[in-house]
2 protein chains.
Amino acid sequence: MAAPRRPRPTLEAVAARARVSRATVSRVVNGRTSVDPRMREAVLSAVDELGYVPNSAARSLVTRQTDSIALVVSEPPTRVFSDDPLFSLVVRTASNELEAAGKQVVLMLAGSPRAQARVEDYVAGGHVDGVMFVSMHGADPLPGAIARMGVPVVSYGRPAVAVDLPYADNDNVGGARQAVGHLLAGGRRRVAAIAGPQDMTAGQDRLAGYRDTLAAADRRALVAVGDFTRDSGAEAMRHLLADDPGLDAVFAANDLMAIGALHTLRRAGRRVPDDVAVVGFDDIEAARFTDPPLTTVRHPVVEQATVMVRLLLTPAEQHDRTRVVLPTELVVRESA
Amino acid sequence: MAAPRRPRPTLEAVAARARVSRATVSRVVNGRTSVDPRMREAVLSAVDELGYVPNSAARSLVTRQTDSIALVVSEPPTRVFSDDPLFSLVVRTASNELEAAGKQVVLMLAGSPRAQARVEDYVAGGHVDGVMFVSMHGADPLPGAIARMGVPVVSYGRPAVAVDLPYADNDNVGGARQAVGHLLAGGRRRVAAIAGPQDMTAGQDRLAGYRDTLAAADRRALVAVGDFTRDSGAEAMRHLLADDPGLDAVFAANDLMAIGALHTLRRAGRRVPDDVAVVGFDDIEAARFTDPPLTTVRHPVVEQATVMVRLLLTPAEQHDRTRVVLPTELVVRESA
DNA sequence: CTGAAAGCGCTTACAG
DNA sequence: CTGAAAGCGCTTACAG
């Protein structure tokens with residue numbers, strides 16, 4: 001199979017071939033301007049003939065730069081193998097942006113304490129120039145620990161702990177208000193909610209928006225808590241139906257749980273939206289294909305991931321602000 | 001924000017503090033056995049007090065090992081932002097396995113020629129000890145080019161080009177046969193197919209299994225081609241219905257397209273499975289939540305990703321075989 | 001078992 | 001603009 005890995009040519013070899021010093025080769029390779037065109041030409045063709053590619057370990061040993069960014073995904077073990085479509089979108093978008101900026105992305109899972117320790121050591125080992133956190137739960141000590149090491153950090157979504165980090169978030173409270181407001185405006189009287197995990201700010205904020213809006217309308221809340229998976233949404237819906245068979249609307253804190261709720265409603269013989277109106281949150285692609293198509297709140301995932309990368313890559317002094325909250329938008333389809 | 005990044009302690013510092021040579025510190029840190037317990041103890045506490053973490057660039061400069069593996073995702077530009085649940089699952093599973101083996105995973109998107117060149121340079125630059133390819137299309141020259149550099153390579157799924165690479169695949173032909181066989185056994189007479197992209201072996205093989213089975217039953221094929229997205233499945237279903245309004249079953253080459261087909265069927269007023277039976281492929285989580293729940297062929301994603309990692313990490317001489325094809329399983333639910 | 005020393009492949013002041 | 005030289009932080013034969 002694998003051909004013997006032949007030794008790669010070094011800077012030295014290129015210098016010898018081009019009959020210049022190693023310093024000059026280094027300058028040419030790194031695009032320094034001040035090099036005589038003739039030498040540059042000689043170096044370039046030597047590089048070409050030899051197939052020279054700089055050894056990155058040697059380079060980063062002296063420059064103390066790695067051109068790598070860690071993308072840390074801290075999912076709880078139970079969700080590690082779920083197929084959250086947001087994961088895919090955030091990871092791809094961030095990778096795209098990072099690659100465009102010439103950075104490598106190192107993906108790290110940090111769902112267990114051991115994995116977290118691993119991330120900390122890795123970052124402490126100087127492997128990366130910055131760290132991006134996605135889906136942080138509860139009192140995660142990692143971001144703070146890393147920020148304290150002097151390594152730039154940013155978070156996708158507001159961190160659950162009150163640590164002073166830059167982050168890109170979307171307006172979860174406002175989005176939930178739009179959703180519930182829409183339900184109320186449609187004449188629904190008994191609006192339940194399937195909340196997300198309460199150790200994540202997205203879960204907290206979306207629930208807060210729901211409570212706000214109901215309170216302002218002088219209505220009572222009816223809540224079941226899920227964990228953002230379809231199964232938990234289906235189960236929460238069962239509880240809700242048992243708790244109040246008369247409910248005529250439900251706000252699910254994400255689309256996946258809304259899909260689970262739709263499933264339960266169907267099994268229970270409730271028509272959507274006639275008997276029960278349903279609104280989700282995120283506007284994942286699947287929302288257009290449910291029966292009926294799901295009314296939901298659009299979560300600007302791509303923009304948010306892009307902003308996150310920019311926050312990390314832009315030197316702190318150039319920021320007008322270090323926390324960005326993107327607006328959401330209600331997308332009305334047929335489920336409410 | 002970021003505290004000034006304080007200089008990290010070096011091996012040298014640890015040696016000084018523990019009053020031993022640098023060589024000894026190196027041995028202890030790398031877990032070499034032959035070290036006097038007393039010195040080892042001294043080194044360990046010096047490491048602890050100083051918070052020493054080895055500089056990986058320096059280490060890899062001499063060992064020529066990076067402990068990193070590249071995970072290359074070659075999606076065509078159009079699918080880059082789709083929310084393919086398999087992407088998430090494969091990436092997470094592979095990361096998990098790789099991390100358990102002490103490897104870092106560098107995620108690289110290779111959807112464009114430029115991005116591919118970037119991957120090639122990166123690997124040529126000695127950044128990684130191995131490369132895993134996911135979702136390879138058509139005549140992708142990258143895997144061959146990298147294998148020729150002497151870097152270990154493995155592919156998730158059989159490569160589309162006849163290059164001699166190790167890979168982990170699932171039995172796509174057999175799975176399609178099970179699906180179509182089930183439809184035929186259920187008494188369906190006019191079985192259409194929504195095929196996947198024909199520049200991917202999964203697309204080719206699943207179509208081949210469909211054709212096989214129909215031919216053996218002396219039935220005519222009716223095919224529309226999609227690209228594994230829900231939208232393409234919906235559109236293909238429209239074509240199929242126009243081409244033969246009398247069809248009574250459809251085999252979709254993946255669940256996402258099956259979901260699209262279900263959507264179109266619903267809009268067209270066809271009942272599933274009464275009027276038209278539908279079978280998908282993959283058994284993604286969403287398959288349990290469609291209306292009706294989707295009968296499909298289980299694609300052992302987790303096992304396949306795990307095998308892929310093992311193939312890459314195990315020295316070639318220890319392999320009994322370098323190509324593994326995992327069995328599929330028909331999961332009967334309500335759509336067929 | 002331990003240490004002195006060479007060397008991995010680069011970059012970067014410093015002279016010229 | 002160019003080159004000689006030092007140095008980045010490790011590991012690893014080689015002696016002892």
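Points to keep in mind about this one:
- In the set B:Arg27, B:Arg19, B:Arg38, only one residue is within 11 Å of DNA strand D (Cβ to nearest atom) and open to solvent by 60 Å² or more (accessible area, probe 1.4 Å); that residue is B:Arg27.
- Inter-residue pairs, beta-carbon under 8 Å, first more than 7 Å from DNA strand C (Cβ to nearest atom) and in the stretch A:9-31, second of a type in the set (Lys, Arg), 6+ apart: A:Ala15/A:Arg22; A:Val28/A:Arg40
- Residue match in the stretch B:155-168 (condition: in contact with a helix residue (DSSP H, G or I) (Cβ under 9 Å, 6 or more places away or on another chain), away from chain A (no Cβ under 14 Å) and closer than 22 Å to B:Gly260 by Cα): no
- Only one of the numbered conditions (1) at pLDDT 95 or above; (2) not assigned by TED's automatic domain parsing to the domain that holds B:Asp205 is not met by B:Asp320, and that is (1).
- Among the residues making up the stretch B:278-319, those that are assigned to a helix (DSSP H, G or I) and within 13 Å of B:Glu334 (Cα to Cα) are B:Ala287, B:Arg288, B:Phe289.
- Evaluating A:Ala145 against the criteria (1) within 12 Å of another protein chain (Cβ to nearest Cβ); (2) under 22 Å from A:Pro300 (Cα atoms); (3) open to solvent by 10 Å² or more (accessible area, probe 1.4 Å) leaves one unmet condition, (2).
- Test: residue in the stretch B:42-65 that is over 34 Å from the mean Cα position of the chain (by Cα), assigned to a loop (DSSP other than H, G, I, E, B) and touching a residue at least 12 places away in the same chain (Cβ under 8 Å): yes
- Across the stretch A:143-162, the qualifying residues are those that are closer than 30 Å to A:Val223 by Cβ and under 18 Å from the mean Cα position of the chain (by Cα), and the one among them that is modelled with the lowest pLDDT is A:Val161.
- Qualifying residue in the stretch B:87-96 (condition: more than 26 Å from A:Ala57 (Cβ to Cβ), crowded, with 19+ Cβ neighbours inside 10 Å and either of a type in the set (Gly, Ala, Ser) or more than 8 Å from chain A (Cβ to nearest Cβ) (or both)): yes
- The number of residues in the stretch A:276-315 that are under 20 Å from A:Arg238 (Cβ atoms) and open to solvent by 40 Å² or more (accessible area, probe 1.4 Å) comes to 1.
- Residues in the stretch A:122-142 that are among the aromatic types (Phe, Trp, Tyr), part of a helix (DSSP H, G or I) and more than 9 Å from chain B (Cβ to nearest Cβ): 0 in all.
- Among the residues making up the stretch B:271-310, those that are free of Cβ contacts under 8 Å to residues at least 24 places away in the same chain and either within 13 Å of chain A (Cβ to nearest Cβ) or within 17 Å of the chain's Cα centre (by Cα) (or both) are B:Arg271, B:Phe289, B:Glu303.
- Close pairs (6 angstrom Cβ cut-off, 6 or more residues apart or separate chains): within 15 Å of B:Val276 (Cα to Cα) in the stretch B:228-244, of a type in the set (Ser, Thr, Tyr) anywhere: B:Ala234/B:Thr264; B:Met237/B:Thr264; B:Arg238/B:Thr264
- In the stretch B:105-121, the condition of being at negative phi and more than 13 Å from chain A (Cβ to nearest Cβ) is met by at least one residue.
The values are calculated or read from the model by the stated rules, or taken from the named source; none is laboratory data. It should be emphasised that the depicted structure is a prediction, and the values quoted were computed from it without experimental measurement. Glycine gets a Cβ as well: all are built from the backbone with ideal geometry, and neighbour counts include every protein chain shown. What goes into the accessible areas is simple: the full protein's heavy atoms, side chains included, and nothing from ligands, DNA or RNA. Shrake-Rupley method; radii C 1.70, N 1.55, O 1.52, S 1.80 Å.
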